[in-house]
Amino acid sequence: MSDTDDALPTPLNALHRRLGAKLVPFAGYEMPLQYSPGIMAEHLHCRAKAGLFDVSHMGQIVVTARSGDVADAARALERLVPVDVLGLGVGRQRYALFTDEAGGILDDLMVTNLGDRLFLVVNAACKVADFAHLKAGLGAECEVRMLTDRALVALQGPEAGRVLAGLAPATADMRFMGVREVEVAGLSCMVSRSGYTGEDGFEISVPEAGAERLAEALLADAAVAPIGLGARDSLRLEAGLCLYGNDIDRTTSPVEAALTWAIQKVRRAGGARAGGFPGADRILRELADGPERLRVGLLPEGRAPVRGHSPLFAAESGGEAIGEVTSGGFGPTLGAPVAMGYVPAAMAAPGTRLFAEVRGKRLAVTVAAMPFVPNGYKKS
Amino acid sequence: MKYTEEHEWLRPEGDVLTVGITDYATEQLGDIVFVDLPEAGREVKKGEEIVVLESVKAASDILAPIDGTITEVNQAIADDPSLVNSDPHGAGWFFRMKPADGVSIDGFMDEAAYKAMIG
């Protein structure tokens, strides 16, 4: 989609316009790229105080077992993800991946156990395909429903906890990856303590009719500023988080993508529910033997940003490309360029010096541990 | 002062021309985080890509407005690219150049014409 005229508005479209957003088409929706302070200032504000993001373009899907037992829905979903869903406690959320038969990644998502049903948040660009995939995979024993009447906003940053507790005291004692159905500003919301910035914060699912009221209530706090997609990207990049379509896709396996932490022991070889997900042969083999290549963090030595699709080389001159940058840009908090990409496993150790080709020049980059900026998750 | 269609401003002082980009251009580019400047002494042709600018959003090129020789570059913006955003018509200048013999900047837009172009 190339024209904003074709893009769908989110329930916060009028608010974005009032706030002076620069709107761009993204995954079929008209989304704020930035507001008047600009990407750099928005990024820094989110890390220092709190930022409000409209992520209503993302898919919100509910999976309910026809038996009425959420464990049946969890067992069914485990056929599509290499993740321990059955072991997810009530009110807890977990990162997951839909894999394909070749062991590639169809999408990444969040799964929540709401006690009587599962709640999934999936990427905007994949949500139609994900919904069909769920219907085909789980339809026999589960009802799969896309929630099209709810908005999703994220409140992220070190002041997010204080701000939300002011509107919804029941959120004060929530921990990272905890989920609670609570009233916020008089609206029945589903709140999870999670996000995509590396900061403490929340994602709040709200009925679309109340979305603007919720956003206004959050923005009424002087610490909260609206943040666009531009800063959302630089924040997640500094946090070392993957962007589906850039850093992970059907050509990358979860093991290559360094997402093995998302595959719990119970789904690995020797586990009680080992395998049984699409691409298990390859994924379990890579877990045992190691993958051929790995997603790594890259710190360019100079000031020049190294962007996605830049080829990577082992030497300053000559040789074939050994890998490719998948995301890269300037990290405002780090005050330096940051990137991530795929390199052969033998070149993936932090400290390994490689070269990225930018405008015909090979610029030195060093493999680095991620996140690039320490995260602020509220784990206790 | 003259302006190019590529949103450069050209300020003649004696036989040297100082070149930068306009306030309008910096607003379109967003926060500038990297500037790659040419070497002083380099001979350039009109339309040659001689400066690379990287903003938080994307990379863009600055073209030589005329034939000539680069006489000086503004190292301050390489050290602190945000100067281009904060003071594009002053401390955020890019380079100075000596026009080649017989080259004039009379044909470029004046301020009124440039303002009309950007609307």
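The values are calculated or read from the model by the stated rules, or taken from the named source; none is laboratory data. Small disclaimer: the values here were computed from a predicted structure and weren't measured. Cβ sites come from the backbone with ideal geometry, for glycine too, and all protein chains shown count toward neighbours. Keep in mind that these areas ignore ligands, DNA and RNA; they rest on the heavy atoms of the full protein, side chains included. Shrake-Rupley method; radii C 1.70, N 1.55, O 1.52, S 1.80 Å.
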Query raised in the report: At 222 nm, what helix-only mean residue ellipticity would the protein assembly as shown give, in deg cm²/dmol to the nearest 500, using -39500 (n - 2.57) for each DSSP H run of four or more?
Result: -5500 deg cm²/dmol
Query raised in the report: How large is the dipole of the protein assembly as shown about the Cα centre if only Lys and Arg carry +1 and Asp and Glu carry -1, each at its Cβ, rounded to the nearest 20 debye?
Result: 2000
Requested in this report: Quantify how strongly other chains surround peptide A:37-44 by giving the mean number of their Cβ atoms within 10 Å of each of its Cβ atoms.
Outcome: 3
Query - Residue mean of other protein chain beta carbons inside 10 Å, B:50-59 - result: 5
Report task. Enumerate the amide H contacts of residue A:307 below 5 Å, restricted to partners 5 or more residues apart or on another chain; note that Pro and chain-start residues carry no placed amide H. Result -> none
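Within a Cβ distance under 11 Å of residue B:16, other residues only, what is the Lys/Arg minus Asp/Glu net charge? Walk me through the intermediate numbers first.
On the way: positive: B:11, B:96, B:98; negative: B:13, B:15, B:72.
That sum, taken over residues with Cβ under 11 Å, equals 0.
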Query raised in the report: Relative to the compact globular guide of 2.2 N^0.38 Å, what is the alpha carbon radius of gyration of the stretch A:292-380, as a ratio?
Result: 1.08
**Report entry** Under-5 Å amide H pairs with residue A:294, H placed in peptide plane, nonlocal only
**Finding:** A:343, A:345
Report task. Leaving out ligands and nucleic acids, note down the accessible area per residue over the protein assembly as shown with a 1.4 angstrom probe, in whole Å². Result -> 41
Requested in this report: Could you please state, rounded to a whole Å, how far the C-alpha centre of the stretch B:47-62 is from the C-alpha centre of the stretch A:12-69?
Outcome: 29
Query raised in the report: Looking at B:90, B:107, B:4, which one has the Cα that reaches farthest to the positive end of the dipole of chain B (charges on Cβ: Lys, Arg +1; Asp, Glu -1)?
Result: B:107
Report task. Which order do the peptides A:355-361, A:269-275, A:49-55 take when ranked by the mean count of other beta-carbon atoms within 10 Å per residue, highest first? Result -> A:49-55, A:355-361, A:269-275
Query raised in the report: Going by average Cβ neighbours within 10 Å, how do the peptides B:112-119, A:39-46, A:95-102 rank, with the highest at the top?
Result: A:39-46, A:95-102, B:112-119
Query raised in the report: Of the cross-linked pairs A:49/A:378; A:361/B:46; B:46/B:115, which ones have a Cα-Cα span greater than 21 Å in the structure shown?
Result: A:361/B:46; B:46/B:115
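Mind jotting down a quarter of the surface of the convex hull over the alpha carbons of the protein assembly as shown, in square nanometres, one decimal?
25.5
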Query raised in the report: Going highest first, how would you order A:372-379, A:152-159, B:58-65 by mean Cβ packing within 10 Å?
Result: A:152-159, B:58-65, A:372-379
Report summary line: Per residue of A:148-156, other chain Cβ atoms within 10 Å number on average 0
